[in-house]
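Asker: For reference, the structure I am asking about is given below.
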Amino acid sequence: MLDAARDCVLAVGVRRTTLTDIARRAGVSRMTIYRRWPDVRTIVGDLMTREWIGVAAAAQPPEDGRPARERLVDALVEGVRAFRAHPLLRKIVEVDPELLLPYVLDRRGASQEAFLEFFETALRAGHADGTIRRAHPARQARALLLVVQSFALSAPTMTDDTDPELSLDALDAELRRILDRTLAP
């Protein structure tokens, strides 16, 4: 059903998607959907959680012998790029940007909680191998989330097509420097 919701949102956006549309696309009755989700926003919330956690999981680097700080910085920059390019995020930003505001201004969502867990685990590994400055891991994780969230959501507003030094790639390189220097012992 989440795949059907994804297809509907990608086709017409969140506001124009109905539970009837999702049920039809999933090949189930509306009552089947109502048993689990009371409305479109709830199912879209679960869809966003699934998709964003998938992006974060895909960005997690394998344990490959590199220092924890290097692996974490790579994962964060790659995660920002993947998140920013994700078709569902692009559609929401283009058609229904107000859907993101509660997660930026009012509360943390399930995917943000999962990101914080990923970050804290990586930070603790860096504390252990001495490549990340020791500090309160939950505070560090939250600061990292604030930084990467701003680059993921707002970086496109800061580009300038006439200046290659203000491209998304250049801003991502700056993000890499910011993260590396922030985390350095």
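Asker: Simple spin-label model, 7 Å along Cα-to-Cβ: Ala11 to Asp169 in nm?
Answerer: Rounded to a tenth, the inter-label distance reads 3.7 nm.
Asker: Which residues does a label at Glu78 reach in segment 32-72, if reach means a backbone N under 12 Å from a point 7 Å past the Cα toward the Cβ?
Answerer: Zone members listed by number: 56-64, 71-72.
Asker: So, one more: How would you rank 43-54, 73-84, 15-26, highest first, on the average number of other Cβ atoms within 10 Å across their residues?
Answerer: Ranking the peptides 43-54, 73-84, 15-26 by packing returns 73-84, 43-54, 15-26.
Asker: Can you give me the C-alpha center-to-center distance between segment 140-174 and segment 57-128, rounded to a whole angstrom?
Answerer: If you average the Cα positions of each part, the centres end up 14 Å apart.
We did not get these values from a lab; they are worked out from the coordinates using the rules stated. As the structure is a prediction and not an experimental result, all values here were calculated from the model. FYI the Cβ positions are ideal-geometry reconstructions off the backbone, even for glycines, and counts take in every protein chain you see.
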